[in-house]
Amino acid sequence: MNKTEQKWLSVYVENEAGVLAKVSGLFSGKLYNLNSLTVGETETVDTSRMTISLYSDDRTFEQIKHQLSNMVEVIQVIDYSNISIHAKEVMYVKLKYNKEMDQLLVNLKERLVFEVIDRTENELLIESINCEKKNNELVDSLRQSVVIEEMEVIRGGSVAISSLSKE
């Protein structure tokens, strides 16, 4: 039995209406489960780049790459799974604020990178631009805290690029 692990793809597509729907439709139609999908225009206005993260076994992943490559709108599919990459995810966390949280935030700042970007007397907005693992750690730490009453989490999905060095 094939082992399921996190895989990464970078997919260059024509920047046209409906392409995102076609690509995401491929995943939902075949019951492939995406971890995240981000898309944005590249340095060329007629080309968009998708960063796709998913958990898959090797056989299914090869099928996905093949099916993506066969789509007319797809220019190039790059497998990032076995190469060194830099990946970041944007995450916002909105919290009900109370003074008891101050020490928790100081402690979290010692091991995690995030910024408080907005606050009122009763609420706090945190921005974290980290790898998915570090963002998970921040959310888990906040959830486990007894001083957190209410929390809203918004995640933007990861973007990735291959490393320049082989490290």
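The values are calculated or read from the model by the stated rules, or taken from the named source; none is laboratory data. All of these numbers come straight from a predicted model, not from anything done at the bench. Every residue, glycine among them, receives a Cβ derived from its backbone with ideal geometry; neighbour counts consider all protein chains shown. What goes into the accessible areas is simple: the full protein's heavy atoms, side chains included, and nothing from ligands, DNA or RNA. Shrake-Rupley method; radii C 1.70, N 1.55, O 1.52, S 1.80 Å.
What the table below lists for this structure:
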read-out	value
Unique match (being open to solvent by 70 Å² or more (accessible area, probe 1.4 Å), out of contact with any Lys or Arg (no Cβ under 6 Å at 6 or more places or on another chain) and among the charged types (D, E, K, R)) among Lys3, Lys65	Lys3
Residue count for region 120-133, restricted to those that are modelled with pLDDT of 95 or more and under 30 Å from Asp79 (Cα atoms)	4
Scan of region 92-135 for residues that are farther than 15 Å from Glu150 by Cα, open to solvent by less than 40 Å² (accessible area, probe 1.4 Å) and either assigned to a loop (DSSP other than H, G, I, E, B) or of a type in the set (Gly, Ala, Ser) (or both), ordered by number	Leu112, Phe114, Ser128
Which numbered condition Val139 misses (of (1) open to solvent by less than 40 Å² (accessible area, probe 1.4 Å); (2) of a type in the set (Val, Ile, Thr); (3) in contact (Cβ under 8 Å) with a residue 60 or more places away in the chain)	(3)
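Let's see how each residue does on (1) under 21 Å from the mean Cα position of the chain (by Cα); (2) surrounded by 13 or more Cβ atoms within 10 Å (Cβ to Cβ):
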residue: Leu37; (1), (2): yes, yes
residue: Gly40; (1), (2): yes, no
residue: Ser48; (1), (2): yes, yes
residue: Thr51; (1), (2): yes, yes
residue: Leu54; (1), (2): yes, yes
residue: Ser69; (1), (2): no, no
residue: Glu73; (1), (2): no, yes
residue: Gln76; (1), (2): yes, no
residue: Ser81; (1), (2): yes, yes
